[in-house]
Amino acid sequence: MNSVRHQILMTAEWISDYAQSIEAPVQTTNGNLIAPSTMPIIFWQAFEIPWLSKGEPLLHGTQKFSYQAPITAGMTLDCELALTSKVQKDGRQGKLTFYTHTLVCKCEDELIVTAETVLIRVGDDHDEKIHNG
Amino acid sequence: MMRKYITAEAIRQYAAASQDLAAIHLDEDAAAEAGFKRPIAHGMYLMGLAQSLYIEAHQAQWITQYDMKFHKPIEVDNVVIFDFSEDDCMVKVTLTTEAGDVIASGAFSVKEV
C-alpha cells in the first residue's frame, strides 16, 4: 500500500499552537484563523505510514506547498498521503534514496492544498518496508 | 535581511507542537552520534520561520505557493540570516549562516487575504 488517508479537523487551538511554535502572526479570514502555509507538514503525524520505518533517520531534501484556498479553523480536511516515487542515486556519501511524497487535502471535495515532500535516505537500501508500484 | 538566533528552547517548542520528536533535534548525544556539536534545527521550523518573518511585515497577504530546498543543517545556538528579495510575482528567500553558508533556499508567491 503506497497511500494512506486520514480526516483532519482543523481547530483554532491547533492552528494557534502551531503558529506560536514558528512565531507566525495571527491571520484571519471571515473571522476564522488561517493556518500558516507550512502547517500541513505536521499532518504527517496523524498518519500511520507503512512504507517508512519509525525512527529511521531521513534527510529532508525539498518541500513544496501549493494552495487553492487557505486552510482555516473549522475545516474538516480529507487528506491522502502517497509515496509517488522512489529513486536511487549515487552521491558523495554513498547511495542516496529519494522518496517523493504527495499530500493532498480537500474540504467538501474542493482541493485546498497539495504538498510535496522529498525525503532522502543515505546508505544501502535495507528497508524492506518500502513497496514500489 | 533579518537575523534570528535559533535557540534550543525554540526547537523544543517546535518539536512539541509538530510532534517531530526526532532525537537529533533534541538530544545532545544523538546529535553527537550524527556528527554535530549540538542538536540541529528542524528544516520545517526554518521554513515556517521564514514565512512568519515575511507575513509579520505583510499581514494582508497569505502564501499560495511555497517551495524550499534544504542544503545543510544548522545547529542550535546559531544565527540564521533570512534574506528576502521580491520581484513582480515571487518572493525569493535564502537562509544563510553568519559565515555565508546556504542552509536553505526557496521562493513563495502571495495573494491578498
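A short reminder: the numbers here are calculations on the coordinates, not readings from a lab. Keep in mind that this is a model prediction, so the values were computed, not measured. Note: ideal-geometry Cβ built from the backbone for every residue, glycine included; neighbour counts use all protein chains shown.
Computed quantities for the displayed model
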item	result
Quarter of Cα convex hull surface for chain A, i.e. mean projection, nm²	9.0 nm²
Computed Kirkwood radius, in angstrom, where 1/r is averaged over Cα pairs of chain B	14.7 Å
With Cα atoms, 0 to 90° folded angle of helix A:12-21 axis to chain A main axis	60 degrees
The stretch B:2-112, dipole about Cα centre (Lys/Arg Cβ +1, Asp/Glu Cβ -1), debye to the nearest 20	60 debye
Which listed pairs, of A:Lys64/B:Lys69; A:Lys106/B:Lys92; B:Lys72/B:Lys92; A:Lys86/B:Lys72, have C-alpha distances above 20 Å, in listed order	A:Lys106/B:Lys92; A:Lys86/B:Lys72
Other protein chain Cβ atoms within 10 Å, averaged over every residue that makes up B:75-88	0
Principal-axis tilt of helix B:43-57 within chain B, Cα atoms, nearest 10 degrees	40 degrees
Overall form of the protein assembly as shown per C-alpha gyration tensor (a/c, 1.5; a/b vs b/c)	oblate
Calculated [θ] (222 nm, deg cm²/dmol) that DSSP helices of n ≥ 4 give over chain B, each run adding -39,500 (n - 2.57)	-9000 deg cm²/dmol
Radius 12 Å from Cβ of A:Met75, net charge of other residues (Lys, Arg +1; Asp, Glu -1)	-2
